[in-house]
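Read-outs throughout are calculated quantities, based only on the coordinates presented, and are distinct from any laboratory measurement. Model, not experiment: these values are computed from the prediction. Positions of Cβ are generated from backbone atoms using ideal geometry, with glycine treated the same way; all protein chains shown enter the neighbour counts.
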Amino acid sequence: MVLTPEMRNIGITPALLKTTKKITCPYCGLEFSLFQSRAIACKGCPKSSYGCELARCLRCDNEFPLQGPLVKDREKQKLLANYMNNIVANYNKTTGKKGTR
């Protein structure tokens, strides 16, 4: 998906677009986004807001690295993980929730 000027004007970033891209679980084949993974499968996991560089499958609960399906190298994997982790941490902070299950 291409980032249009309209999308940019409302605050959508390239990193946010990347988190909505579909990835496939290498174990069970389910397709989901990193955003869904963090919001559902990683909900309450303390690692989800503290630098986790893994995606967790919604169906089989297996974890796998972001490198490969979403990013090509370790540096971009870390940047994407930190971006998503900040979203989770901000959500927990604004809702008064803890980052644990």
Where does each of Val88, Val2 land when they are ranked from fewest to most other beta-carbon atoms within 10 angstrom? Val2, Val88
Ranked Ile12, Ile40, Ile87, criterion: other C-beta atoms within 10 Å, fewest first: Ile40, Ile12, Ile87
Would you kindly state how much longer the chain becomes between Lys78 and Thr24 on full extension, computed as 0.36 nm times their sequence separation minus their alpha carbon distance, in nm to one decimal? 17.5 nm
How large is the dipole of the chain about the Cα centre if only Lys and Arg carry +1 and Asp and Glu carry -1, each at its Cβ, rounded to the nearest 20 debye? 280 debye
If I build a Gaussian network model for the chain, linking alpha-carbon pairs within less than 10 angstrom, which residue out of Arg56, Arg74, Arg38 has the largest mean-square fluctuation? Arg74
Charge dipole of region 8-101 built from unit charges on the beta carbon (Lys, Arg +1; Asp, Glu -1), centred at mean Cα; most positive-end Cα among Pro65, Met84, Cys28 is Met84
